[in-house]
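Reading through the structure tokens given below for one structure.
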Amino acid sequence: AQKVTQAQTEISVVEKEDVTLDCVYETRDTTYYLFWYKQPPSGELVFLIRRNSFDEQNEISGRYSWNFQKSTSSFNFTITASQVVDSAVYFCALKPGANSKLTFGKGITLSVRP
Amino acid sequence: DGGITQSPKYLFRKEGQNVTLSCEQNLNHDAMYWYRQDPGQGLRLIYYSQIVNDFQKGDIAEGYSVSREKKESFPLTVTSAQKNPTAFYLCASSIYFSGGAGYTFGSGTRLTVV
């Protein structure tokens, strides 16, 4: 069975602080895909990143970076120098295998205070 | 611009009534999905469709029904059998069901039972 655990439920930081959102996954498949989505107050989920299980290279995109470690089954997301516009709910998701559905974690509510 | 349109944005239903939520996409995606979001519960899959004229139950299909008569459309009916229908409903699509394609989401419909 596949599972995504986002142990942090709510995080509050002051603007310009760095913040890391944790994601731990479980799957028996050797081929799988991991995703991060952002849900701002408007409600629509916005795609941030996708990683496949064979690509452990970390990625940086502006203030966002992702650390994928198969050894610990983790796919953590760091926001550097957070801004108020980063306030949202962030979901980690897993798509195990080639023919399967996307499974979401319960989400982390991030509040960035001015 | 291509995307997913969900309507209405807000919907109020009396107990005992069926209501239908609309989801239309112009992305030429084969697969479509319906998720339900409750506070602290993440996203839970209701139904999905890999291709026209085909759909499967997700994790919480009881009290819901769908149809997929056209590639562009995947309406969800919340029936009177759904005991707790008040929630935020998100529709999504992906180019194919298989593989690692990410999902594109609509902006959601908030259903409230009055």
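For A:Ala93, are the conditions met, namely being closer than 27 Å to B:Leu90 by Cα and small (Gly, Ala, Ser)? Yes; evaluated as a whole, the condition is true for this residue. Among the residues of segment B:77-103, just one is under 17 Å from A:Asn52 (Cβ atoms) and in a strand (DSSP E or B), namely B:Ser94.
Of everything in segment B:17-42 that is of a type in the set (D, E, K, R) and assigned to a strand (DSSP E or B), the residue that is nearest to the chain's Cα centre (by Cα) is B:Arg36. Within segment B:12-45, which residues are in contact (Cβ under 8 Å) with a residue 40 or more places away in the chain, aliphatic (A, V, I, L, M) and crowded, with 18+ Cβ neighbours inside 10 Å? Passing the criteria: B:Val19, B:Leu21, B:Ala31, B:Met32, B:Leu43.
For B:Lys57, which of the numbered conditions (1) within 14 Å of chain A (Cβ to nearest Cβ); (2) touching a residue at least 60 places away in the same chain (Cβ under 8 Å) fails to hold? The number of the failed condition is (2). In segment B:72-85 there is no residue that is surrounded by fewer than 18 Cβ atoms within 10 Å (Cβ to Cβ), within 14 Å of chain A (Cβ to nearest Cβ) and touching a Ser or Thr at 6+ places or on another chain (Cβ under 9 Å). Screening the candidates B:Tyr103, B:Tyr33, B:Tyr48, B:Tyr96 for the property of being within 10 Å of chain A (Cβ to nearest Cβ), in contact with a Ser or Thr (Cβ under 6 Å, 6 or more places away or on another chain) and of a type in the set (Phe, Trp, Tyr) yields one hit, B:Tyr103.
Of all residues in segment A:4-55, those satisfying the criterion of being within 8 Å of chain B (Cβ to nearest Cβ), farther than 24 Å from B:Asp38 by Cα and not aromatic (Phe, Trp, Tyr) are A:Arg50, A:Asn52. Selection over segment A:15-26 of residues that are in a strand (DSSP E or B) and within 15 Å of A:Thr78 (Cα to Cα) gives a count of 4. If the condition is being among the hydrophobic types (A, V, I, L, M, F, W, C) and surrounded by fewer than 20 Cβ atoms within 10 Å (Cβ to Cβ), then segment A:20-39 contributes only A:Val24. If you go through segment A:79-112 and keep only what is more than 16 Å from A:Asn52 (Cα to Cα), in contact (Cβ under 8 Å) with a residue 60 or more places away in the chain and surrounded by fewer than 16 Cβ atoms within 10 Å (Cβ to Cβ), you end up with A:Thr80, A:Ala81, A:Gln83, A:Val84, A:Ser111. Looking at segment A:90-109, can you tell me whether even one residue there is within 13 Å of chain B (Cβ to nearest Cβ), among the hydroxyl-bearing types (Ser, Thr, Tyr) and under 10 Å from the mean Cα position of the chain (by Cα)? Yes, that holds for at least one residue. Of the strands (runs of 3 or more DSSP E) lying entirely inside segment A:40-114, the ones with 1 or more residues being small (Gly, Ala, Ser) and within 30 Å of A:Asp29 (Cα to Cα) are found at A:59-61, A:64-69, A:74-79, A:88-96.
Do we have any residue at all in segment B:107-114 that's within 14 Å of chain A (Cβ to nearest Cβ), under 10 Å from the mean Cα position of the chain (by Cα) and either buried (at least 16 other Cβ atoms within 10 Å of the Cβ) or of a type outside the set (A, V, I, L, M, F, W, C) (or both)? Yes - at least one qualifying residue is present in segment B:107-114.
For every residue, the table says whether it meets (1) part of a strand (DSSP E or B); (2) under 25 Å from B:Gly100 (Cβ atoms); (3) in contact with a Pro (Cβ under 8 Å, 6 or more places away or on another chain).
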residue	(1), (2), (3)
B:Phe12	yes, no, no
B:Glu15	no, no, no
B:Phe55	yes, yes, no
B:Ile60	no, yes, no
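Rule-based calculations on the coordinates, nothing more; no lab input. No experiment lies behind these values; they were computed from the predicted model shown. When we count neighbours, we look across all protein chains shown, and the Cβ atoms used for this are built from the backbone with ideal geometry, even at glycine.
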